[in-house]
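*Asks:* One structure follows; several queries about it will come next.
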Amino acid sequence: MPGVNSSKPTVTRRPSARTFSVESLLLEVERGNIRVPPFQRGLKWDAGDVRKLLDSIRRGFPVGTLLLWKRSEPAEAQSFQLGPVRIDAAQSAEALWVVDGQQRITALTGVLLHPPSTDYGKPPDDFEFYFDLEKDEFVRRPVRKVPFPTWLPMWEILDSARLIKWLLRNNKDLPSGAEARAIELGKAFREYTIPAIVVESDSDDVLREIFERMNSAGRRLTQDEIFHALHAARPGDAPKGLEEMAAALADLRFGDAHELPLRQAVLAVRNVDPTRSVKDLSRDREFWQGSMAEATQALRRVIVFLKRDARIPHVSLLPYRFTVIPLVRFFHLFPEPKPRSLELLARWLWRTSATGTLRGEVTQVRRALRAVEKDEEGSVQALLALVGPEKHRFSPSIRFDLRTAESRLAALALLAAGPTDLNTGTPFDVEGLLLEQGEDAFARVFTRKPGNMDIDLTSIANRFIHPNAEGSLLQQQLRETARQHPDWLSGHVVSPSAAEALVDGAWEIFFEFRAAALKEHIERYVRTRERWEETDRPSLTAIIAEADE
């Protein structure tokens, strides 16, 4: 037809209209299936804008339509921040990128998934909101003020069970009719629906034109900003060396990626023996460059798995680095494993770590790699079989040295106890603490032999997860906390008896009590991660398929 330019890019299929309830929208955000690309401009809304959004949803006002983009290639594993909430997202073929709606999604995530606030000495961020059940309005906490008992934290309303528990805990302080208002508020937010348009296209130009036409009135993002957003969402150029591989993993906040076996990971994606000399491959530029790109993508998936499923927040606490090699091969072949596979892989990792099955010996690494074949669930079962039946009960050593796998397991158990700031009782941002301080986050109570006391300085009982405090300062904080807030010490595995010894300054007795409690806690935690007592059967789908054959 005359006048029609058929060469213009178009959408893969007609844009589809969807609706998300707030509850389902935030569930997709938590799963990493809705992602906000890095616009490099930060959140422009302030607390006043966030309050208006909350009020609009409560009153049933429309809050606009989201524009989401779906590409044909899967979204890679990544970590990203939405206000105070960090999301560790696995690779997903179903991921939707937010082109228009960043402010609204970030605000809802920041408010309704906000980490519980307990440090009232700090100013509230723009997402710390409460609903005053007495005055019937959204409020923010004043600086250095404890919230009133009638203030319902907004992070409690998304889950109806959590909301009921909060109401039961605070029932005696609430005015008449407050429970009904709280339940109505929770229902209004969970069920509120937001319309969305989903565009499927691999053309940046299509998205830019749609965005421009949708934003012809008012200003949200410029064309330059949206162009940058679209390109920033794509994987970068292929790494040209191990340094670039490590740099490409930095955004996942897992620590120094140089500590991972990067070279062996490159060989693993090609199913080449990782112990093999690379001299005969060193001149094959195409082999290395293509393999490095695929290994980087697989490593991203591995890191998300380690953080989210295996509960290992930092590379320095990974018991055996060579467990990464078969995992790289697995996530290269199966980029989106079934939930059951992820659960069983986490068991395999902990069992391997606790038994020392994969310390790094050549034969063990080769056997683990051979176990990973074309069948996803079969590969998981083969890996589990390498550990074999339970050989021994893990018995932790009291000696603390993060160069050993045993102490790394102990450190992970310490983190799982939920340590809090001794000054405020606030839970730590463990990930941020480890990134900032590394091994120094595990502070020493005594840095030198204290007089005539019989105290083992190498004992794990001499270590506390606490920043910027060691030696006499930490001793002082511990005794003060034991006097004023002994319950804060439970997150550091300090029993009431050990806390009493602290108050009395009986350090030898304190160390004895804490060492015994820690040994029991570490052993129990490792057992809960190994899950030897549970069945390792594959998913029901795999069992049915096998029966049909």
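The values are calculated or read from the model by the stated rules, or taken from the named source; none is laboratory data. All figures in this text were calculated on a predicted structure; none of them were measured in a lab. Every residue, glycine among them, receives a Cβ derived from its backbone with ideal geometry; neighbour counts consider all protein chains shown.
*Asks:* So, VAL85, is that one in contact with a helix residue (DSSP H, G or I) (Cβ under 8 Å, 6 or more places away or on another chain), over 30 Å from LEU306 (Cβ atoms) and either assigned by TED's automatic domain parsing to the domain that holds TYR192 or of a type in the set (S, T, N, Q) (or both) or not?
*Replies:* no
*Asks:* Return only the number of the condition from (1) under 21 Å from ALA188 (Cα atoms); (2) out of contact with any His (no Cβ under 7 Å at 6 or more places or on another chain) that VAL146 does not satisfy.
*Replies:* Unmet for VAL146, out of (1) under 21 Å from ALA188 (Cα atoms); (2) out of contact with any His (no Cβ under 7 Å at 6 or more places or on another chain): (1).
*Asks:* Here is a follow-up. When you go through (1) within 22 Å of THR404 (Cα to Cα); (2) in contact with a Gly (Cβ under 8 Å, 6 or more places away or on another chain) one by one for ARG479, which number turns out not to apply?
*Replies:* Among (1) within 22 Å of THR404 (Cα to Cα); (2) in contact with a Gly (Cβ under 8 Å, 6 or more places away or on another chain), the lone unmet condition for ARG479 is (1).
*Asks:* Shifting gears a bit: In this structure, does PHE394 turn out to be aromatic (Phe, Trp, Tyr) and in a loop (DSSP other than H, G, I, E, B)?
*Replies:* yes
*Asks:* Still on this model: Of the residues that make up segment 402-420, is at least one farther than 21 Å from SER459 by Cβ and either within 19 Å of the chain's Cα centre (by Cα) or assigned by TED's automatic domain parsing to the domain that holds ASP309 (or both)?
*Replies:* For segment 402-420, residues farther than 21 Å from SER459 by Cβ and either within 19 Å of the chain's Cα centre (by Cα) or assigned by TED's automatic domain parsing to the domain that holds ASP309 (or both): present.
*Asks:* Scan segment 425-467 for residues that are over 17 Å from ALA501 (Cα atoms), part of a loop (DSSP other than H, G, I, E, B) and either of a type in the set (Phe, Trp, Tyr) or in contact with a Cys (Cβ under 6 Å, 6 or more places away or on another chain) (or both) and report the count.
*Replies:* Count: 1.
*Asks:* Residues of segment 58-85 being in contact (Cβ under 8 Å) with a residue 40 or more places away in the chain, more than 13 Å from ILE34 (Cα to Cα) and either of a type in the set (Ser, Thr, Tyr) or touching a strand residue (DSSP E or B) at 6+ places or on another chain (Cβ under 9 Å) (or both), which ones?
*Replies:* Scanning segment 58-85 gives ARG58, VAL63, GLY64, THR65, SER72.
*Asks:* Out of the residues in segment 217-264 meeting the condition of being of a type in the set (Lys, Arg) and more than 19 Å from GLY290 (Cβ to Cβ), tell me which one is modelled with the highest pLDDT.
*Replies:* Top of the filtered list is ARG253.
*Asks:* So which of SER316, SER353 ends up being touching a Phe, Trp or Tyr at 6+ places or on another chain (Cβ under 8 Å), of a type outside the set (A, V, I, L, M) and buried (at least 16 other Cβ atoms within 10 Å of the Cβ)?
*Replies:* Numbers: SER316 fails: touching a Phe, Trp or Tyr at 6+ places or on another chain (Cβ under 8 Å).
Just a single option satisfies the conditions, and that option is SER353.
*Asks:* A further question on this structure: For segment 300-312, how many residues meet the condition of being in a loop (DSSP other than H, G, I, E, B) and either modelled with pLDDT under 90 or of a type in the set (Asp, Glu) (or both)?
*Replies:* Total satisfying the criteria: 1.
*Asks:* Quick test for you: out of ARG367, ARG359, pick the one residue that is farther than 19 Å from GLY32 by Cβ, assigned to a helix (DSSP H, G or I) and either among the basic types (Lys, Arg) or touching a residue at least 24 places away in the same chain (Cβ under 8 Å) (or both).
*Replies:* ARG367
*Asks:* Determine whether segment 514-523 contains at least one residue that is acidic (Asp, Glu), modelled with pLDDT of 90 or more and surrounded by fewer than 15 Cβ atoms within 10 Å (Cβ to Cβ).
*Replies:* yes
*Asks:* Restricted to segment 265-289, and to residues that are more than 26 Å from GLY438 (Cα to Cα), of a type in the set (A, V, I, L, M, F, W, C) and modelled with pLDDT of 75 or more, which residue is farthest from the chain's Cα centre (by Cα)? Write out each step before concluding.
*Replies:* In the first step, residues of segment 265-289 are kept if they are more than 26 Å from GLY438 (Cα to Cα); the result is 266-289.
The next check asks that each one be of a type in the set (A, V, I, L, M, F, W, C); those that pass are 266-269, 272, 278, 281, 287-288.
Next, from what is left, pick out any that are modelled with pLDDT of 75 or more: 266-269, 272.
Details: VAL266: 25, LEU267: 28, ALA268: 25, VAL269: 25, VAL272: 31 Å.
Here the residue is VAL272.
*Asks:* Look through segment 370-390, keep the residues that are among the aliphatic types (A, V, I, L, M) and touching a residue at least 60 places away in the same chain (Cβ under 8 Å), and return whichever of them is surrounded by the most Cβ atoms within 10 Å (Cβ to Cβ).
*Replies:* Among them, the one singled out is VAL380.
*Asks:* Please identify the pairs in which a residue from segment 247-261 that is in contact (Cβ under 8 Å) with a residue 60 or more places away in the chain has its Cβ atom under 8 Å from the Cβ atom of a residue that is among the basic types (Lys, Arg) and surrounded by fewer than 22 Cβ atoms within 10 Å (Cβ to Cβ), counting only partners at least 6 apart or on another chain.
*Replies:* From residues that are in contact (Cβ under 8 Å) with a residue 60 or more places away in the chain, the pairs are LEU252/LYS307; ARG253/ARG86; PHE254/LYS307; GLU259/ARG321; LEU260/ARG321; PRO261/ARG321.
*Asks:* Still on this model: Return the residue satisfying two criteria in turn: it lies in segment 319-330 and is aromatic (Phe, Trp, Tyr) and either in contact with a Pro (Cβ under 6 Å, 6 or more places away or on another chain) or surrounded by fewer than 24 Cβ atoms within 10 Å (Cβ to Cβ) (or both), and of such residues it is farthest from VAL430 (Cα to Cα).
*Replies:* Within segment 319-330, the subset aromatic (Phe, Trp, Tyr) is 320, 322, 330.
Restricting the remaining residues to those that are either in contact with a Pro (Cβ under 6 Å, 6 or more places away or on another chain) or surrounded by fewer than 24 Cβ atoms within 10 Å (Cβ to Cβ) (or both) gives 320, 322.
Details: TYR320: 21, PHE322: 24 Å.
Filtering first and then ranking leaves PHE322.
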